[in-house]
1. Once you've got the GNM for chain A with C-alpha springs shorter than 10 Å, pick whichever of A:181, A:33, A:156 has the biggest mean-square fluctuation.
2. Using alpha carbons only, how many degrees (0 to 90, rounded to 10) separate the axis of helix A:125-139 from the longest principal axis of chain A?
3. On average, how many beta carbons from a partner chain sit within 10 Å of the beta carbon of a residue in A:48-57?
4. How large, in Å, is segment A:22-168 by the Kirkwood hydrodynamic radius built from its alpha-carbon pairs?
5. What's the center-to-center distance, using Cα atoms, between segment A:97-155 and segment A:1-77 in Å?
6. Is segment A:18-82 best put as rounded, prolate or oblate by its Cα gyration tensor, with a ≥ b ≥ c the root eigenvalues, rounded for a/c under 1.5, and otherwise prolate when a/b is larger than b/c, oblate when not?
7. Calculate for the protein assembly as shown the 222 nm mean residue ellipticity that helices alone would give, adding -39,500 (n - 2.57) per DSSP H run of length 4 or more and normalising by residue count, nearest 500 deg cm²/dmol.
8. Per residue of B:22-29, how many C-beta atoms from partner chains lie within 10 Å of its own C-beta, taken as a mean?
């Protein structure tokens with residue numbers, strides 16, 4: 001199809017399509033004549049992918065570019081690919097705030113992961129992130145111990161299984177892109193559910209004082 | 001205490017404390033002599049709050065400022081306060097991408113909220129966000145209907161109840177700040193759990209091919 005039809009079918013303006021091509025986010029069309037390029041269904045899928053991530057998921061273009069590189073590098077194991085998605089969704093500080101609570105929190109997290117029987121690398125960033133959360137809660141005077149997080153683990157476990165059951169077969173870029181888009185969208189869905197659950201339960205609890 | 005002690009106890013450099021005061025994020029200390037100000041425990045709590053949100057939660061300073069205003073405006077109902085937190089955590093596009101799937105998705109979401117019996121305003125932003133997710137998943141060829149999201153609702157429900165059970169009594173700014181910091185930290189905890197659950201389940205499923 002011509003760029004005008006690609007624009008019509010994707011809802012993306014022609015100028016934006018050309019911008020994505022210049023920025024390397026979209027492969028160029030095949031030149032069929034001087035000044036005329038032909039685009040295929042994979043361009044349409046790629047455009048939809050970019051629009052979902054920069055639209056409802058609110059990812060910036062440089063994160064989308066990182067994701068596209070990770071998707072196209074088919075030797076990258078899926079769990080690393082998902083980690084790139086999760087990192088783009090909730091970017092985390094590389095440097096922890098110093099706190100005497102951090103070391104015991106990290107031990108608690110490691111023990112929790114052991115109890116769950118989860119296969120998570122000892123140096124996985126998520127262990128550090130969770131330890132920082134536990135330490136910060138402690139420093140803020142919240143007396144929730146590590147068992148407080150068991151329901152979080154159960155919920156994450158269930159939702160991830162449900163998500164992975166949708167995983168398309170195949171390791172080619174299209175299947176990987178679909179998996180990435182779903183993971184990102186489901187994280188947004190969970191955040192939206194959380195907002196509604198907050199509103200509901202606060203309405204129920206404080207109906208008399210609101 | 002003097003600013004030097006405030007700095008030592010909070011771990012925040014003196015220059016940064018002065019910056020926060022200039023930016024209106026931290027109230028100035030009480031002048032006890034020319035060029036000498038006295039700070040109290042509430043300054044220390046406020047500093048810890050700012051450091052948690054800009055550190056592990058990775059919020060930008062302008063979102064923190066919005067949150068502080070919402071915390072201090074004690075007439076703002078708690079559910080609106082939590083909505084400010086949730087919006088700062090996962091900022092959402094105000095304009096939906098046009099898609100013919102959006103209107104039916106919105107109906108599906110409204111029906112789901114009805115079935116759940118949740119008290120959520122008809123014009124709550126989260127309804128639109130979830131509808132956009134459902135529409136985008138549909139447009140990406142994912143055949144998950146609205147029932148797919150029931151476990152998400154159950155998980156959100158459970159985690160929010162658990163979180164609200166921690167809610168300190170009182171409506172004064174300190175209690176509200178503690179509630180906000182917890183909500184933000186628990187969202188980060190959930191994201192970290194999700195990362196670990198992804199890693200674990202992908203390791204289990206693709207142990208042979210990874």
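The numbers here are math on the coordinates, done by the rules we state, and not lab data. Keep in mind that this is a model prediction, so the values were computed, not measured. Glycine gets a Cβ as well: all are built from the backbone with ideal geometry, and neighbour counts include every protein chain shown.
1. Comparing A:181, A:33, A:156 in a Gaussian network model of chain A, the most mobile one is A:33.
2. So the inclination is approximately 40 degrees.
3. Values: counts 6, 1, 0, 4, 8, 1, 2, 7, 12, 6.
That average works out to 5.
4. Working: mean 1/r = 0.0541 Å⁻¹.
About 18.5 Å, per the Kirkwood formula over Cα pairs.
5. Cα centroid of segment A:97-155 versus Cα centroid of segment A:1-77: 39 Å apart.
6. Numbers: a/c = 2.40, a/b = 1.65, b/c = 1.45.
Taking the square roots of the gyration eigenvalues as a ≥ b ≥ c, segment A:18-82 is prolate.
7. Values: 18 runs with 268 residues, N = 420.
Estimated from H runs of four or more residues: -21000 deg cm²/dmol.
8. Values: counts 0, 0, 0, 0, 0, 0, 0, 0.
For this peptide, the per-residue mean of nearby foreign Cβ atoms is 0.
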